[in-house]
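Engineer: Questions regarding the structure given below will be posed in turn.
The values are calculated or read from the model by the stated rules, or taken from the named source; none is laboratory data. What you see is a predicted model, and the numbers here were worked out from it, not measured in a lab. Protein only, heavy atoms only, side chains kept; ligands, DNA and RNA dropped before computing areas. Shrake-Rupley method; radii C 1.70, N 1.55, O 1.52, S 1.80 Å.
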Amino acid sequence: MALAQSQPQVIVQESKDLKEIIARLNERLDEPFVTVNTVTGDKGIKQAQDEYQRLMNNKSPKSKRK
């Protein structure tokens, strides 16, 4: 019976922990963040567009490509 009595306390503590984590996450999501974007080179926008175009071309048969 000791185990059955301790389970609600564990759940309550976990619930408090989860509420604290979610509150901290919400605070962090409300803060601005900075990103760096490149046009050329590895991980650049052009490389991503070229990769996307390659994937789109490969999804349809060559006979149907324009």
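Engineer: Please report the accessible area of Lys59 (heavy atoms, 1.4 Å probe, ligands and nucleic acids excluded) in Å², nearest 10.
Structural biologist: 150 Å²
Engineer: Read phi for every residue in the range 8-13 and hand back ³J(HN,Hα) as whole Hz from Karplus 6.51 cos²θ - 1.76 cosθ + 1.60, θ = phi - 60°, with x for Gly and Pro.
Structural biologist: x, 5, 5, 4, 4, 5
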